[in-house]
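**Q** Submitted below is the structure of interest, expressed as structure tokens.
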Amino acid sequence: MPSSISPSLALTLVFAGVLVASLLVRFWLASRQIRHVAQHRDAVPAAFAERITLAAHQKAADYTIAKARFGLLELAFGAAVLLGWTLLGGLDALNQALMAWLGGGMVQQLALLAGFGLISGLIDLPFTLYQTFVIEERFGFNKLTLKLWLADLLKSALIGAVIGLPIAALILWLMGSAGRFWWLWAWGVWMGFNLLLLLIYPTFIAPLFNKFQPLEDESLKNRVTALMQRCGFAAKGLFVMDGSKRSAHANAYFTGFGAAKRVVFYDTLLRQLEPVEVEAVLAHELGHFKHKHVLKRMASLFALSLAGFALLGWLSGQSWFYTGLGVIPNLGGSLAAPNDALALLLFMLAVPVFTVFISPLLAQLSRKHEFEADAYAISQTSGQSLAHALLKLYQDNASTLTPDPLYVKFYYSHPPAFERLARMGA
């Protein structure tokens with residue numbers, strides 16, 4: 001028996017072990033969530049009893065449980081697919097088939113990326129369809145027709161190809177031509193691309209899916225404009241989005257970057273909230289800008305992506321990285337031939353497995369930001385209005401009022417209702 005194991009086998013064992021551990025933890029957390037919500041289904045928490053009906057509370061519980069149970073199935077199937085792509089040789093088989101058909105070079109590498117994306121999308125389709133046309137439909141949230149769903153799918157695929165393939169080609173070219181520090185150049189390209197998307201998305205991409213009309217309610221417009229002036233915030237425009245043609249869920253958000261920022265309200269939100277409540281919700285969003293949460297998150301994204309590209313730059317030159325994840329590098333195991341698309345795909349497949357356990361830290365930071373934004377909103381508008389708005393949104397979106405505390409700490413990017421209202425003193 002050998003005294004040590006090879007780096008390739010070590011990676012295989014670590015990858016499999018972490019994947020199993022993450023699956024067990026996530027199954028355990030989801031089971032806790034299902035059990036906790038079910039146990040509290042038959043009584044509205046006392047703090048909400050005056051404003052939330054038992055029927056609404058039970059709908060939220062049933063919706064939460066249905067999504068969690070479906071999530072367990074997705075989780076198990078996703079793990080099987082991941083193993084199929086990696087240790088069971090799926091990605092290697094696809095790569096070898098394309099090598100035999102196209103030979104090496106840029107065309108083959110782009111075909112590998114595109115083929116992987118297409119197959120992954122087809123594998124995910126049944127889950128997307130079930131989520132939309134069964135679960136969302138059952139609880140009255142889905143407004144999509146099959147025709148509109150197909151149109152969205154085709155538009156998304158086309159946009160992905162038109163935008164994604166040139167960026168992928170540029171990064172692959174840098175990987176093969178920019179020398180030892182190609183990853184630094186690739187990181188710069190990736191960050192520039194993300195900033196460009198922030199600029200062009202509101203004007204060119206979002207209108208392909210939804211209609212955006214200027215806010216016509218003069219009273220609400222004046223109220224919102226006065227709020228933004230008090231907060232020192234400038235936006236290019238106030239718009240209403242026809243979110244109701246796809247979903248009954250309500251929302252409001254800022255989009256764009258710099259001078260291209262826009263304030264967007266879902267039409268469903270404006271139907272559900274009073275003007276003073278809309279103002280409070282917007283003040284919460286402005287709180288994120290006041291506390292520079294958006295810039296902090298962008299800076300974090302820049303730093304994490306730089307670390308990721310640096311790690312990829314090192315791993316792409318290690319043969320054990322490929323063989324340990326079930327792939328034979330091109331030309332009989334040689335790293336002399338381009339393996340850049342393989343490296344990209346393996347990295348994207350493996351990294352999420354190893355980053356599962358930092359989720360609680362990111363979720364905690366996000367919840368902290370939400371509390372800060374709530375506090376800012378209360379300083380600029382009525383705390384009672386914000387509390388009423390949040391309760392309406394929790395009810396209309398069927399968000400459970402009784403989540404499992406440990407599940408919240410691991411996953412929730414927003415604090416649960418009872419914590420947010422307690423902080424407000426509501």
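**Q** For segment 241-259, does any single residue satisfy the condition of being touching a strand residue (DSSP E or B) at 6+ places or on another chain (Cβ under 8 Å), modelled with pLDDT of 85 or more, within 16 Å of Lys221 (Cβ to Cβ) and surrounded by 17 or more Cβ atoms within 10 Å (Cβ to Cβ)?
**A** Scanning segment 241-259 turns up at least one residue that is touching a strand residue (DSSP E or B) at 6+ places or on another chain (Cβ under 8 Å), modelled with pLDDT of 85 or more, within 16 Å of Lys221 (Cβ to Cβ) and surrounded by 17 or more Cβ atoms within 10 Å (Cβ to Cβ).
**Q** Does any residue of segment 267-286 turn out to be within 28 Å of Thr132 (Cα to Cα), in a loop (DSSP other than H, G, I, E, B) and not polar (S, T, N, Q)?
**A** yes
**Q** Another question, then. Filter segment 51-99 down to the residues that are out of contact with any Gly (no Cβ under 8 Å at 6 or more places or on another chain) and polar (S, T, N, Q), then identify the one that is farthest from Ala341 (Cα to Cα).
**A** Top of the filtered list is Thr53.
**Q** Further, regarding this structure: Go through segment 50-107 and give me each residue that's in contact (Cβ under 8 Å) with a residue 40 or more places away in the chain and not in a helix (DSSP H, G or I).
**A** Arg51, Ile52, Thr86, Leu87, Leu88, Gly89, Gly104, Gly105
**Q** Which of the residues belonging to segment 129-147 are at negative phi, more than 22 Å from the chain's Cα centre (by Cα) and in contact (Cβ under 8 Å) with a residue 12 or more places away in the chain?
**A** Answer for segment 129-147, where residues must be at negative phi, more than 22 Å from the chain's Cα centre (by Cα) and in contact (Cβ under 8 Å) with a residue 12 or more places away in the chain: Arg138, Phe139, Leu146.
**Q** Oh, and also: Going through segment 390-415 one residue at a time, which ones are in a helix (DSSP H, G or I) and among the charged types (D, E, K, R)?
**A** Result: Lys392, Asp396, Lys409.
**Q** Let me ask something else about it. Only one residue in Ala387, Ala350 is assigned to a helix (DSSP H, G or I), touching a residue at least 60 places away in the same chain (Cβ under 8 Å) and of a type outside the set (Phe, Trp, Tyr). Which one?
**A** Ala350
**Q** Could you list, in sequence order, the residues of segment 37-51 that are surrounded by fewer than 19 Cβ atoms within 10 Å (Cβ to Cβ) and not charged (D, E, K, R)?
**A** Within segment 37-51, Ala38, Gln39, His40, Ala43, Pro45, Ala46, Ala47, Ala49 meet the criteria.
**Q** Among the candidates Lys296, Lys221, Lys236, single out the residue that is touching a Gly at 6+ places or on another chain (Cβ under 8 Å) and either surrounded by fewer than 19 Cβ atoms within 10 Å (Cβ to Cβ) or in a loop (DSSP other than H, G, I, E, B) (or both).
**A** It is Lys236.
**Q** Still on this structure, I have one more. Given the structure, is Tyr130 surrounded by 14 or more Cβ atoms within 10 Å (Cβ to Cβ), among the hydroxyl-bearing types (Ser, Thr, Tyr) and at pLDDT below 95?
**A** no
**Q** When the residues of segment 316-347 are filtered to those that are surrounded by fewer than 17 Cβ atoms within 10 Å (Cβ to Cβ) and not in a loop (DSSP other than H, G, I, E, B), which remaining residue is modelled with the highest pLDDT?
**A** Among those residues, the one meeting the criterion is Trp320.
**Q** Please give the number of the condition Asp267 fails out of (1) among the acidic types (Asp, Glu); (2) touching a residue at least 60 places away in the same chain (Cβ under 8 Å); (3) surrounded by fewer than 19 Cβ atoms within 10 Å (Cβ to Cβ).
**A** (2)
**Q** Still on this structure, I have one more. Can you find a residue in segment 93-104 that is on the phi > 0 side of the Ramachandran plot and not charged (D, E, K, R)?
**A** Residues of segment 93-104 that are on the phi > 0 side of the Ramachandran plot, as a first pass: 103.
Those left that are additionally not charged (D, E, K, R): 103.
Looking through segment 93-104, at least one residue is on the phi > 0 side of the Ramachandran plot and not charged (D, E, K, R).
**Q** Related question: Given Ala426, Ala377, Ala422, which one is modelled with pLDDT under 95 and either outside any helix (DSSP H, G or I) or polar (S, T, N, Q) (or both)?
**A** Answer to the selection: Ala426.
**Q** Now for a different question. Pairs only if they're at least six apart or on different chains, beta carbon under 8 angstrom, first in segment 35-46 and in contact (Cβ under 8 Å) with a residue 60 or more places away in the chain and closer than 16 Å to Tyr394 by Cα, second among the β-branched types (Val, Ile, Thr) and in a helix (DSSP H, G or I); list them, first residue then second.
**A** Here the result reads Val37/Thr64; Val37/Ile65, each pair linking segment 35-46 to a residue that is among the β-branched types (Val, Ile, Thr) and in a helix (DSSP H, G or I).
The values are calculated or read from the model by the stated rules, or taken from the named source; none is laboratory data. Everything numeric in this text was worked out from a predicted model, so none of it was measured. In this analysis, Cβ positions are derived from the backbone assuming ideal geometry, glycine residues included, and neighbour counts consider all displayed protein chains.
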